[in-house]
Amino acid sequence: MYTHAPDGYDCPFCAMVRGEDNEPWCTQADVVRRDAKTTAWVNGRWWLNNPGGVIVVPNEHVENLYGLDRELASDIHETARRIALAMRRAFRCDGTSTRQHNEPGALQEVWHYHLHVFPRWVGDELYGSDARLTTPEERAPYAAGLRDALR
């Protein structure tokens, strides 16, 4: 029900969970938190004024919000909460936002549930700015800062 992944879908987020790189989008060096239920990494796509955004995924392949059970949804949001607090400490941002999409009509692009956590600054225009692909070198200090702040 409500699935859109094509037959034989090779999920890039499952690859990250398994410990494989998904270049050019992300590598294992981008991972900032991993536990039994979730994995979180610095997103390779950054919006203009919001560097260091993070993607949180369940380790289990679940395509979208509709397939999450209560416990897994709670685990994902606990990881997102920890990431948001770490962003406040590491980036000294003014706040944080989360964003999540389900199905093509909502612009879901990867067929694995994921929750974006963004550092926010007053007037940053997150929802009106363009995104770009970053390099591992650009992401490295953000990932290191978040890992330190998560300790």
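FYI, it's all coordinate maths here, none of it is from the lab. Being a predicted model, the structure only gives us computed values, none of them experimental. Here Cβ is always computed from backbone atoms with ideal geometry, including for glycine, and neighbour counts include all displayed protein chains.
Just one of (i) 11, 36, 28, 19, 6, 0; (ii) 11, 42, 38, 8, 0; (iii) 11, 44, 39, 5 is P(r) over Cα pairs in 10 Å bins from 0, in percent as worked out from the coordinates here. Which one is it? The listed entry that was calculated here is (ii). Applying 1/(1 + (r/R0)^6) with R0 = 22 Å to the Cβ-Cβ distance of residue 15 and residue 88 gives a FRET efficiency near 0.15. Going toward the positive end of the dipole of region 86-136, with +1 on Lys and Arg Cβ and -1 on Asp and Glu Cβ, which of 100, 87, 128 do you reach last? Value: 87. What the phi angles of region 49-61 give under the Karplus curve with 6.51, -1.76 and 1.60, with θ = phi - 60°, is a coupling list of 10, 9, x, x, x, 10, 10, 10, 10, x, 5, 7, 6 Hz, glycine and proline written as x. Take 75-85, 8-18 and order them by the average number of nearby Cβ atoms within 10 Å per residue, most first; the result is 75-85, 8-18.
In this Cβ point-charge picture (+1 for Lys and Arg, -1 for Asp and Glu), region 12-150 has a dipole of about 500 debye about its Cα centre. Put in line by how crowded their Cβ is, counting other Cβ atoms within 10 Å and starting with the fewest, 42, 117 read 117, 42.
At a Cβ-Cβ separation cutoff of 4.7 angstrom, cysteine residues of the chain with no neighbouring cysteine are 26, 93. Please build a GNM for the chain, connecting alpha carbons under 10 Å apart, and tell me which residue among 119, 136, 58 fluctuates the most. Looking only at 119, 136, 58, the biggest GNM fluctuation is shown by 136. Relative to the longest principal axis of the Cα atoms of the chain, the long axis of helix 70-91 makes an angle of roughly 20 degrees. A straight chain from residue 49 to residue 74 at 0.36 nm per residue would run longer than the Cα-Cα distance by 6.1 nm. Backbone phi angles across region 31-44, fed through the Karplus curve with coefficients 6.51, -1.76 and 1.60 (θ = phi - 60°), yield HN-Hα couplings of 5, 10, 7, 8, 9, 5, 10, 9, 9, 9, 9, 5, 5, x Hz in residue order; Gly and Pro are listed as x.
Axis angle, to the nearest 10 degrees, between helix 136-150 and the longest C-alpha principal axis of the chain: 90 degrees.
By other beta-carbon atoms within 10 Å, ranking 98, 3, 135 with the fewest at the front produces 135, 3, 98.
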